[in-house]
1. Determine the pairs where a residue that is touching a residue at least 40 places away in the same chain (Cβ under 8 Å), located within region 99-127, has a partner that is outside any helix (DSSP H, G or I) and hydrophobic (A, V, I, L, M, F, W, C) with Cβ atoms under 9 Å apart, the partner being 6 or more residues away or on another chain.
2. Tell me, which residue of region 261-304 that is touching a residue at least 40 places away in the same chain (Cβ under 8 Å) and charged (D, E, K, R) is farthest from V58 (Cα to Cα)?
3. Would you check if there is a residue in region 135-152 being part of a loop (DSSP other than H, G, I, E, B) and either surrounded by 11 or more Cβ atoms within 10 Å (Cβ to Cβ) or free of Cβ contacts under 8 Å to residues at least 60 places away in the same chain (or both)?
4. If we keep just the residues of region 224-247 that are surrounded by 12 or more Cβ atoms within 10 Å (Cβ to Cβ) and not in a helix (DSSP H, G or I), which is modelled with the highest pLDDT?
5. Applying the selection to region 186-223, what residues are hydroxyl-bearing (S, T, Y) and buried (at least 18 other Cβ atoms within 10 Å of the Cβ)?
6. Would you check if there is a residue in region 266-276 being closer than 24 Å to G65 by Cβ and surrounded by 17 or more Cβ atoms within 10 Å (Cβ to Cβ)?
7. When you scan region 51-78, how many residues do you find that are farther than 12 Å from I299 by Cα, out of contact with any strand residue (DSSP E or B) (no Cβ under 8 Å at 6 or more places or on another chain) and free of Cβ contacts under 8 Å to residues at least 40 places away in the same chain?
8. Is it true that some residue in region 157-175 is of a type in the set (S, T, N, Q), within 29 Å of K262 (Cβ to Cβ) and at pLDDT 90 or above?
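The values are calculated or read from the model by the stated rules, or taken from the named source; none is laboratory data. Just so it is clear, the model here is predicted, and its values are computed rather than measured. Glycine gets a Cβ as well: all are built from the backbone with ideal geometry, and neighbour counts include every protein chain shown.
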Amino acid sequence: MSTTAARPAPATPPAPSPSPPPAARRRRRFSPTAYVLLIPAVLVLLAGMGYPLYWQIVTSLQEFGLAQQFGQPPTFVGLDNYARIFSDDRMWAVVVRSVVFCLVNAFATVGIGTLLALLMKAVHPVVRVVLQVSLLLAWAMPLVAAVTVWKWLFDWRTGVINWLLVQMGFDQYSGHTWLAQPLSFFFVATVIIVWMSVPFVALSMYAALTQVSDEVLEAARIDGAGPARILWHVTLPLVRPVLSIVLLLQIIWDLRVFAQIKLLQDGGAPVGETNLLGNFIYEIGIGRQDFAGAAAVSIFVLALTVLLSWPYVRNLLKEDR
């Protein structure tokens, strides 16, 4: 008979309690506090954005001109303003011109900004700081001052651009008037708008690139991927949400551009051939005192903005699911 005492059996750990189903967890976590706290912000947005939109819609359905500005009550005309504006051939010429100009500027800005972001990621920290400061200075320059400087550079008499082109052997640019022809006018406008917009894209994309894990890039290099394949198949897919957002913002901003075009037009450009949608609205509303027609075009610009932005918004919503 063995004298060794029997060891007690180890205690069995209690079985874990079954977790509630997802639906029960969602019901338990619901709290109206967050929605109550959002009410003031929603009210401010409705007051700040909803009322101007309501006023634009109402005005576009009325006869609202100079007489109404001095107290005469407006007359309801329904969709007559839309029919009158949209039957004007100049309107559709401006629409096509604005959409093409918007897309060219938006994609050029995002492309150049992304390349500058990749450059800042690759260069020495001292060079990176110089680039970032230069971008911030360009971004911080007031719009009127920036356009004025560029108008001096492209001036047909004393401009540096013409002088440089002549020194390079392009004698046909001696005394060339850049703002007199629509094609060269929009080239100058594109240079100015891209120059002013690139800093935002470059700094945003650089911030996104800094979040790409070095381990992921190193694993791609170990697998034999070259720089081009890493860029297209690893880096850009990882920063695609930020890339989509900055492209969406650029499309919205470039479709509504006004001040740069107006300042360049004041330099002697043909207004009828260089108007974009913002300038066309200004011409109808301020120039012709047709505020109802200007409101109708403004509503159309809003719908066009939503139409151009919807594919990118839909992709963003899909990625958030």
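1. From region 99-127, the pairs are F101/V257; F101/L276; C102/V257; C102/L276; N105/V257; T114/V239; A117/V239; K121/V212.
2. E273
3. Of the residues in region 135-152, the ones part of a loop (DSSP other than H, G, I, E, B) are 141-142.
If we keep only those that are either surrounded by 11 or more Cβ atoms within 10 Å (Cβ to Cβ) or free of Cβ contacts under 8 Å to residues at least 60 places away in the same chain (or both) as well, we get 141-142.
Yes, the conditions are met somewhere in region 135-152.
4. V239
5. Going through region 186-223, the residues hydroxyl-bearing (S, T, Y) turn out to be 190, 197, 204, 206, 210, 213.
The answer is S197, S204, Y206.
6. Residues of region 266-276 that are closer than 24 Å to G65 by Cβ, as a first pass: 271-272, 275-276.
Filter again for surrounded by 17 or more Cβ atoms within 10 Å (Cβ to Cβ), leaving 275-276.
Scanning region 266-276, I find at least one residue that is closer than 24 Å to G65 by Cβ and surrounded by 17 or more Cβ atoms within 10 Å (Cβ to Cβ), so the answer is yes.
7. Residues in region 51-78 being farther than 12 Å from I299 by Cα, out of contact with any strand residue (DSSP E or B) (no Cβ under 8 Å at 6 or more places or on another chain) and free of Cβ contacts under 8 Å to residues at least 40 places away in the same chain: 7 in total.
8. Within region 157-175 (the criterion being of a type in the set (S, T, N, Q), within 29 Å of K262 (Cβ to Cβ) and at pLDDT 90 or above), the answer is yes, since at least one residue qualifies.
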